[in-house]
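The values are calculated or read from the model by the stated rules, or taken from the named source; none is laboratory data. On a predicted model such as this, the values are computed, not experimentally measured, just so you know. Cβ: placed from backbone, ideal geometry, glycine included. Neighbour counts: every protein chain shown. Remember, those area values only see protein heavy atoms, side chains included, never the ligands or the DNA or RNA. Shrake-Rupley method; radii C 1.70, N 1.55, O 1.52, S 1.80 Å.
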Amino acid sequence: DANMQWGGRFAGGPSQIMQAINASIGFDKAMWKQDIAGSLAHAAMLAHTGIISAEDEAAIREGLTAIGKDIAAGHFEFSEALEDIHMNIEARLSERIGEPGKRLHTARSRNDQVATDFRLWTRDALDGLDQQVASLMRALARRAEDHASDPMPGFTHLQTAQPVTFGHHLMAYVEMLARDRGRLADTRKRLNECPLGSAALAGTSFPIDREMTARTLGFDRPTANSLDSVSDRDFALEYLSALSIMAMHLSRLAEEIVIWCSSPFSFIRLSDAFTTGSSIMPQKRNPDAAELVRAKTGRITGSLVSLLTVMKGLPLAYAKDMQEDKEPVFAATDAAALSLAACDGMVRDMTANTAQMRALAGSGFSTATDIADWLVRVLKVPFRTAHHVTGRLVAKAEEKGVDLADLSLAEMQAEEPGITDDIYSVLTVEASIASRTSEGGTAGSNVQREARRWLATLDAE
Ligand code: ARG
């Protein structure tokens, strides 16, 4: 059969293979709500400007509403021969209401239609993920408040560096996620312009009102250039970029959770709800959710690379390559939503092994910097010199197999005669942490203030 949408020009129908490579209905049916919303706005505008009659618009509205109900109820049969969601719905509409349905596509092309639907879909997905990120930030800040002053070893190079608090560590992720939300908000601003009315690529000769459709669909304004409107997928790329950076953050958190749960560390315990067992080793509690969050980053980054690769060689304006824009965005959205939900669950349910973290926070000469700082502050020794003196004290302690606090005053004074008993007051983990009161530092009072500030900010939204 000749295609029902462009049968005039064609004597024969497509081959099976043509149909299979051409069809997008398998995935773009996910945009049915957006497609109906776009068509309702378009029809209302066509009637308002006198391009179609009020009766036709009423028939279109009733027809589209009924089709929406059918799809929602699972009573709509999608046809691959009709290629995509746009033609599936339009064909069904004409079947249902006859001639008025055939007027709907006046002053419109699938090129501006799909660009509009896809922006609407991406905007909804973005808003949903943004709320999930906010929820994860809340979960992290609550746990940070609980553990504002609980010591843990801080690492650089995954080597014990200086004591920090568990709360401070968790709040670092709150800051990362806040930037992720900022990137999503930025993306949304540029996304929120309406391409509808650009038609195929050149605009239209009909006296359409693009302000009206833009406003009806919740866009800030119509896009400015019809060629750009139908060939631009920056909004999807920006969305995927923001998600890729966010996924990288979630993956780092997941990696830390894996490390923290490992038996040699034993910093935290995940709940049964977020742990799996082993089919052979009865003792195992595996952090599979965290590992999968780490792995799903690959799909999200991969989606960004896929779409960049699809877009980079396309001449203006629309090319069918652009039909391959949706699956990466859908896949990345699913992976991001699941990863956020899993992180949220793990963070809410985990229990911290504060005794173990406290014990390790003091190991590895983690307060060596505090000795150096004491020499600078009390004896006015230049920092670089103090660093050397402290290095010799660390070597001595290491040689004896003891902690810095176990060196006698005489042993200390052998390296720097000015040292007094007072130096022992800075050698505890608690003193080290409490002294880090500089802005953004790990002192418990700072951490508590930051956690409360974030919780208040998030509650005020
Ligand atoms: N299914 C197409 C897509 O998703 C719709 C636009 C088709 N436009 C065209 N000129 N063939 O991109």
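Structural remarks
- Accessible surface ranking that places the most exposed of D272, D124 first, with a 1.4 angstrom probe: D272, D124
- For the chain, the solvent-accessible area works out to 46 Å² per residue, with a probe of 1.4 Å and every protein chain left in place.
- Anisotropy class of segment 18-101 from Cα gyration tensor, a/c 1.5 cut: prolate
- Between T309 and E399, the simple label model (points 7 Å from Cα in the Cβ direction) yields a spacing of 5.8 nm.
- Listed residue pairs exceeding 25 Å between alpha carbons, taken from K189/K296; K102/K312; K189/K312; K33/K102: K189/K296; K102/K312
- Student exercise, the chain dipole from Lys, Arg, Asp, Glu Cβ charges, in Debye to nearest 20: 220
- Mean separation of Cα contacts under 8 Å, 6 or more apart, over the residue count of the chain: relative contact order %: 17
- Heavy-atom accessible surface of segment 14-155: percent carbon and sulfur, 1.4 Å: 49
- Three-way shape label, the chain, alpha-carbon gyration tensor, a/c 1.5: prolate
- Separation between Cα centres of segment 18-80 and segment 267-298, rounded to whole Å: 44
- Under a model in which nothing but the beta-carbon of Lys, Arg (+1) and Asp, Glu (-1) is charged, segment 306-461 shows a dipole of about 300 debye around its Cα centre.
- Heavy-atom accessible area with a 1.4 Å probe sorts K320, K400, largest first, into K400, K320.
- Beyond 17 Å, the tail of the calculated P(r) for segment 395-461 holds 60 percent of the Cα pairs.
- Estimated translational D of segment 332-408 in µm²/s (Stokes, Kirkwood radius over Cα pairs; 25 °C; 0.890 mPa s): 155
- Global geometry of segment 1-54, whether rounded, prolate or oblate, following the gyration tensor of its Cα atoms and the 1.5 cut on a/c: oblate
- Relative contact order (%) - segment 179-238, alpha-carbon pairs under 8 angstrom, separation at least six: 40
- Span-rule helices in the chain, defined as complete DSSP H runs reaching 15 Å or more along the axis (Cα) with Kyte mean at least 1.6: none
- Centre-to-centre separation between the Cα atoms of segment 328-384 and those of segment 110-127: 40 Å.
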